[in-house]
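What follows draws every value from the coordinates through simple rules; no lab data is involved. As the structure is a prediction and not an experimental result, all values here were calculated from the model. Backbone-built Cβ (ideal geometry, glycine too); neighbour counts: all protein chains shown.
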Amino acid sequence: MNLQSTDFELFAVPARFAQDRAQLDARWKELQREVHPDRFAAQGAAAQRVAMQWSARINEAYQRLKDPQRRAAYLCELNGAPIEAENNTAMPTEFLMQQMDLREQLDDAHTGEALDEISAESTQLARDLLQKIEQQLDDQKDWSGAAQSVRALMFLDKLAADIDRRHETLETR
């Protein structure tokens, strides 16, 4: 193993968006067994520290690979299209209008049922966006288009978090 390997190389999976979660889980367990610090107890503290570094690197890669949004962002970055969400918030007008509409609906929602409807719509939009991202990354190799789609997905994630907070507010009343 090489600390400079990509997450995909480390996990011995193809560098693509579509991944088999069970395969990732199995490989994570296998890698963690290989580098568990207890296996290096007889080799001293330095070997155990290296094993702990490897364990942290493996966990970091696993967290990135198992999360679709983080995996997509990572693929974009590996292929020269960093997400740069803090600096690049440009979105297609249609998407922004849709987000404004959902935000207005959220502002006007005063019941759990209304919030559930907004949540269902947002969840479906996110699913559709994930399918689009898979096509952009795996089929079209459209790294910059995928980066824009990942930024859009981040908007939807923020909306989902806001919906959850609003649900909590309603429940505590």
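Here are the numbers for the structure shown:
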| quantity | calculated |
| --- | --- |
| Set of the stretch 106-140 residues, backbone N closer than 18 Å to the point 7 Å along the Cα-Cβ line of H167 | 106-127 |
| Over the stretch 93-171, volume per residue of the alpha carbon convex hull, in Å³ | 72 Å³ |
| Test item: Cα-centred dipole of the stretch 1-149, Lys/Arg +1 and Asp/Glu -1 on Cβ, debye | 1180 debye |
| Packing-based exposure ordering (other Cβ within 10 Å, fewest first) of R57, R21 | R21, R57 |
| R0 of 35 Å, Cβ-Cβ distance A22-H110: FRET efficiency to nearest 0.05 | 0.25 |
| Residue-count net charge about E171 - beta-carbon cut-off 12 Å; Lys, Arg +1, Asp, Glu -1 | +1 |
| Ranking of V150, V13, V35 by count of other Cβ atoms within 10 Å, fewest first | V13, V35, V150 |
| 21 Å Cα-Cα reach of K141 towards lysines, excluding residues that sit fewer than 8 places from it in its own chain | K66, K132 |
| Net charge of neighbours whose Cβ lies under 12 Å from the Cβ of S149, counting Lys and Arg as +1 and Asp and Glu as -1 | -1 |
| Ranked L31, L78, criterion: other C-beta atoms within 10 Å, fewest first | L78, L31 |
| Pairwise FRET efficiency - Q131 versus L78, Cβ, R0 = 30 Å, nearest 0.05 | 0.90 |
| Gap separating the Cα centres of the stretch 9-72 and the stretch 120-173, nearest whole Å | 27 Å |
| All-pairs Cα distance distribution in the stretch 1-91, expressed in whole percent, bin size 5 Å | 2, 13, 21, 20, 15, 11, 8, 5, 2, 1, 0, 0 |
| Counted charge near L130, where neighbours are those whose Cβ lies closer than 13 Å (Asp, Glu -1; Lys, Arg +1) | -1 |
| Whole-number percent relative contact order across the stretch 1-113, with pairs defined as alpha carbons under 8 Å at least 6 apart | 22 percent |
| Alpha carbon convex hull of the chain, projected area averaged over orientations, nm² | 13.1 nm² |
| Cβ-derived FRET efficiency at R0 45 Å, T93 paired with E30, nearest 0.05 | 0.45 |
